């Protein structure tokens with residue numbers, strides 16, 4: 001009988017593989033426990049709401065039955081069942097009662113047990129802390145968008161909070177028609193064409209550059225490299241960093257692209273040029289040359305055309321439109337800001353931008 005091949009591992013490799021196996025198992029256990037906990041809180045909320053709807057007045061219910069329930073649960077199970085938390089579970093159920101995940105239904109309990117009767121359940125995949133944040137979002141489409149993005153991108157609670165505060169949903173929705181806005185709440189951000197990955201503005205508050213502080217383009221670039229993980233998060237899905245000040249030579253002249261990325265969903269290079277002032281037609285022409293070079297000499301035949309983005313402090317949209325071809329889908333100019341305003345302030349800025357576009361006459365802005 002032939003001997004089985006022996007997979008020879010060093011001690012270090014053995015220790016590493018065993019450790020990774022245990023770590024993976026623990027992550028699965030934590031995920032399972034977390035899902036069970038969130039589902040249980042949803043069910044508790046359901047029972048409270050159903051009991052409340054049996055003729056109980058809300059104010060009296062909140063002061064009476066909910067407090068009694070808190071005392072009973074706290075005496076049996078310890079911390080975590082204060083009146084405030086129970087009311088939060090009640091609110092959680094009401095926020096998600098009509099939301100059934102597109103990934104399927106979860107049915108808990110049995111028909112024989114009224115307490116655990118079979119009910120259609122949203123497919124909860126995030127932590128309770130995530131859902132505490134999400135259920136406070138009033139717009140159900142916006143709430144669903146952030147839930148999908150959190151799941152798909154494995155956002156921490158801090159990352160979810162940051163994306164919400166920077167009005168990611170609004171920044172994406174305002175550049176889409178009604179049908180594509182609806183898709184945001186059903187599938188999250190989908191990248192099918194270059195325009196799908198563009199934001200305007202990009203919010204770079206994590207760089208630590210104060211709005212009133214003077215800085216150079218090289219300093220801006222250095223801060224981006226120092227905070228590359230946060231910058232990739234702001235860029236969006238599927239970005240991989242290729243290099244900075246990437247040099248190429250053409251006609252015996254040397255040129256450098258500030259930042260080069262690759263997007264695995266669109267399968268193309270993405271070139272970024274940084275401008276601390278207002279974008280000019282020369283800047284747009286230079287980026288067009290960079291993109292042309294990459295399309296002709298760098299990308300492979302099976303890759304898609306290169307995208308060029310100029311991140312600028314200010315831009316004249318009319319100048320950008322008249323400089324670039326009508327059917328342009330490769331060169332974009334987007335503003336950036338180095339501070340994080342309130343969500344309401346950012347919405348006002350975006351709406352103001354839309355009104356300017358609608359009121360523009362001819363090729364110039366008033």
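The values are calculated or read from the model by the stated rules, or taken from the named source; none is laboratory data. Being a predicted model, the structure only gives us computed values, none of them experimental. Cβ placement follows ideal geometry from the backbone for every residue including glycine, while neighbour counts extend to all protein chains displayed.
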Within the stretch 271-303, residues touching a residue at least 40 places away in the same chain (Cβ under 8 Å) and outside any helix (DSSP H, G or I) come out as 274, 275, 276, 279
Residue 230 meets each of (1) part of a strand (DSSP E or B); (2) touching a helix residue (DSSP H, G or I) at 6+ places or on another chain (Cβ under 8 Å) with one exception, condition (1)
In the stretch 275-309, what residues are surrounded by 19 or more Cβ atoms within 10 Å (Cβ to Cβ) and within 18 Å of residue 241 (Cβ to Cβ)? 290, 294, 306, 307, 308, 309
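A quick yes/no check of all residues on (1) more than 28 Å from residue 37 (Cα to Cα); (2) in contact with a helix residue (DSSP H, G or I) (Cβ under 6 Å, 6 or more places away or on another chain); (3) surrounded by fewer than 13 Cβ atoms within 10 Å (Cβ to Cβ):
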position: 157; (1), (2), (3): no, yes, no
position: 161; (1), (2), (3): no, no, no
position: 174; (1), (2), (3): yes, yes, no
position: 178; (1), (2), (3): yes, no, yes
position: 185; (1), (2), (3): no, yes, no
position: 210; (1), (2), (3): yes, no, yes
I need the full set of residues from the stretch 243-257 which are exposed (fewer than 10 other Cβ atoms within 10 Å of the Cβ) and more than 16 Å from residue 296 (Cα to Cα), in order please. 252, 253, 254
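Residues checked against (1) under 17 Å from the mean Cα position of the chain (by Cα); (2) assigned to a helix (DSSP H, G or I); (3) at pLDDT 90 or above; (4) within 23 Å of residue 312 (Cβ to Cβ):
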site: 171; (1), (2), (3), (4): yes, yes, no, yes
site: 175; (1), (2), (3), (4): yes, no, no, yes
site: 181; (1), (2), (3), (4): yes, yes, no, no
site: 190; (1), (2), (3), (4): yes, no, no, no
site: 200; (1), (2), (3), (4): yes, no, no, yes
site: 210; (1), (2), (3), (4): no, no, no, yes
Condition test on residue 227, is it in contact with a strand residue (DSSP E or B) (Cβ under 8 Å, 6 or more places away or on another chain) and not assigned by TED's automatic domain parsing to the domain that holds residue 153? no
